[in-house]
1. Of everything in the stretch 286-298, what is of a type outside the set (D, E, K, R) and buried (at least 17 other Cβ atoms within 10 Å of the Cβ)? Give them in sequence order.
2. Going by what's in this entry, would L177 be described as farther than 28 Å from L274 by Cβ and either in contact with a helix residue (DSSP H, G or I) (Cβ under 9 Å, 6 or more places away or on another chain) or buried (at least 17 other Cβ atoms within 10 Å of the Cβ) (or both)?
3. In the stretch 196-206, what count of residues is obtained for those that are farther than 15 Å from S170 by Cα and surrounded by 20 or more Cβ atoms within 10 Å (Cβ to Cβ)?
4. Right, G151: open to solvent by 40 Å² or more (accessible area, probe 1.4 Å), free of Cβ contacts under 8 Å to residues at least 60 places away in the same chain and not in a helix (DSSP H, G or I) or not?
5. Regarding K443, is this residue over 21 Å from Q372 (Cβ atoms) and touching a strand residue (DSSP E or B) at 6+ places or on another chain (Cβ under 6 Å)?
6. Given (1) under 30 Å from K201 (Cβ atoms); (2) among the small types (G, A, S); (3) at pLDDT below 80; (4) surrounded by fewer than 17 Cβ atoms within 10 Å (Cβ to Cβ), identify the lone condition not met by G106.
7. Among H230, H223, H272, which is the only one that is open to solvent by 50 Å² or more (accessible area, probe 1.4 Å), touching a residue at least 12 places away in the same chain (Cβ under 8 Å) and not in a loop (DSSP other than H, G, I, E, B)?
8. Mind listing whichever residues of the stretch 390-405 are in contact with a helix residue (DSSP H, G or I) (Cβ under 8 Å, 6 or more places away or on another chain) and not hydrophobic (A, V, I, L, M, F, W, C)?
Amino acid sequence: YNGGRIVGHRPPQTAGGPTIKIPSSPRVRVSPIHAPGVCLVLFVVAVDVQAAAACGHCWSISPPVSRAWTLARHLFDGMPPKKRGKKDKGAAAAETLQEVSHDHIGALPDDALHHILSFLPAQDVVRTCVLAQRWRHLWKSTRALRIISPGSIAEIKMFVDHLLLLRAGSPIDKFELHTCKGLSKDDIHVILWVRSVVACKAQAIELDIFQSFHNWLELDDLHLVFASQHLTRLEFAYVAFNDSILNFSRCTALQDLHIRMCYFQAKRISSHSLKRLSFTECRSSDRIRTRIHTPNLISLCLDKAFPRAPVLETMPSLSEAVVAIHDGCADLCNVLCENFSCAACYGLEEKDTSCVLLQGLSSAENLTLTAQSQMFIFRRDLKWFPTFRNLKKLLLNEHWSVPDLSALSCILEHSPVLEKLTLQLFSKGPKHNVHIKGSPDPKETPAARLQHLKIVEVKCKLVDENVLNVLKFLDKWN
């Protein structure tokens, strides 16, 4: 910011407190720095105007005085307006043209400016209206809205209401809402904002409204709220889904769905267009085993996501998958009895003896399967002998080798094109004390079922009896 100035008028202070009036067309002159390797930096005058920024021909900011207002007031103190007579109108017009010619940032096309503004919080984007005539209404048509607040929804409710109203339905590519103090009683406003954004043809929506685990944003009729032919990505955090079925069939373009730290009680999740799906540290009823129907899925991540392992239906296009069953999972039996009368093994309203996880994962090329040793769901699925016909990379933990190696042997026998096997034994990582690498002995005949296996890695804290048993087992397989 070299040699620029802002021209405005500040009336005298009144008894009610400081007041500043900015003309409808404040002029800003930015002179570029002509030096190789030096970037232009645009300094935004931070005036706390919020939604009123687009109203009328001038704005009035009065107490309470914020830090942003104080900074703006000080900027204006040393810049008194130049007095011109009637004879100087021609000179003023020439100076204005010269200022515009030097404003290289303001001369950028709208698409470039919108892209720059998309990285800023919406509150700061609105404040750019005081920079110059070129910026006055630019904020109304930005393609991304990032509503970020360290407070609650109540603190930004008026601002967001006016923001969406003054945008007058201009298209939106991405909408983000992040707050740190939860909802209070204003969740209805969030629903209205989402409906408004969906009507503006939003392509991506992210809701992250932190609150205690007992006061989350509640979403009902998900298939109606997010019904859109333009939505391609949805991200949720700290949201409670009340629908018994999460049906995204009306989101015909949806490709990415990421759900983190949410609560749901859905018996079925369905989408024919979805490509990438992830559930992380979610909560639901342990009386429900959710069915996931996503036939065109490419990538799947289930990380400590369900109290009961979900039933994965056929996914022929699946390329990579990560399934981590956590310690609090209800699919836990101390004796691995697999008896229908066992509440831990089959404590569900509907008895289901079909394959739960592995059949749906059988098309994956890159697979990670981890669980606590006493989890029975993977071992039970192996009785259906699913064949992993495309599997090339496989990562397993100690669940597959304790108390015996039968599960490891079974999955290797049904992975005919496996190229790399990684075993993380009693070591979660990412750093491991012991890292052992092995490869087939070229002098010996490779095992008939593992002709393509090239690399085996064993990662652990120390080499104990359990690890030695695994190494002896692998040695028998060359």
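1. I288, T290, I292, H293, T294, L297, I298
2. Here the answer is no, as L177 does not meet what is asked.
3. The number of residues fulfilling the criteria is 1.
4. no
5. Judged against the criteria, K443 is not a match.
6. The failed condition is (4).
7. It is H223.
8. Answer for the stretch 390-405, where residues must be in contact with a helix residue (DSSP H, G or I) (Cβ under 8 Å, 6 or more places away or on another chain) and not hydrophobic (A, V, I, L, M, F, W, C): E398, H399, S401.
The values are calculated or read from the model by the stated rules, or taken from the named source; none is laboratory data. Given the structure is predicted, the values throughout are model-derived calculations rather than measurements. Note: ideal-geometry Cβ built from the backbone for every residue, glycine included; neighbour counts use all protein chains shown. Surface accessibility is based on the protein's heavy atoms, side chains included, excluding ligands, DNA and RNA. Shrake-Rupley method; radii C 1.70, N 1.55, O 1.52, S 1.80 Å.
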